[in-house]
């Protein structure tokens, strides 16, 4: 988080020097599907207004991903780079004909250290994205989904942060395609702004052997009680 904030001033200087690009990203939707083992499948959906042939630069928060692994529709020439040594960004050229949003799919092979398990079997999902571009980013929506058999325990931290005076909570617990997860939203991010989410998760609690024994005894009692009632009648 500290290194992301340190880039803010440099990004603002870049924005002032270069001027805002013509293309506008009105919505940046990101879906991260975490797999057991720590890898993730990521899909970016970008609503972009611009001229065909124009180069667009958007934030990119995933380390260890190479250009060869990018699957892009609605744009060409995608490349991962840095602006003045700041965090990574994704640049691409708008297609001559683009009937819908630009979509980018890729695998993040080491998204989370799966071997890192805390007390009571908890693992922590943590992800941050800095707007390392000279243009304001429109609405952000990040959906972070857990592997099958994992559930959200508690949301630890988000940026934007939850506020009692705010109009709405910036996150919600969701279930998509049978998978539990968290959805983070932000109405806009200026150059250097950050969105971030940290939450803990683990497998659902299983009934203890003692509880199962009690349920079994209760079942036997009901069967025995039913037999006694039938004999009396």
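Things to note:
- Selected residue [closer than 26 Å to residue 116 by Cα and at pLDDT below 95] from 18, 51, 66: 66
- Residue tally, condition buried (at least 19 other Cβ atoms within 10 Å of the Cβ) and part of a strand (DSSP E or B), over segment 107-125: 3
- Leading residue by the ranking (nearest to residue 134 (Cα to Cα)) among those in segment 70-100 that are assigned to a loop (DSSP other than H, G, I, E, B) and touching a residue at least 60 places away in the same chain (Cβ under 8 Å): 83
- Among the candidates 56, 104, the residue that is over 17 Å from the mean Cα position of the chain (by Cα) and either free of Cβ contacts under 8 Å to residues at least 40 places away in the same chain or buried (at least 20 other Cβ atoms within 10 Å of the Cβ) (or both) is uniquely 56.
- All positions within segment 126-145 that are in contact with a helix residue (DSSP H, G or I) (Cβ under 9 Å, 6 or more places away or on another chain) and in a strand (DSSP E or B): 128, 129, 130
The values are calculated or read from the model by the stated rules, or taken from the named source; none is laboratory data. Keep in mind the model is a prediction, meaning the values are calculated, not measured. No Cβ is skipped: glycine too gets one built from the backbone with ideal geometry, and neighbour counts run over all protein chains shown.
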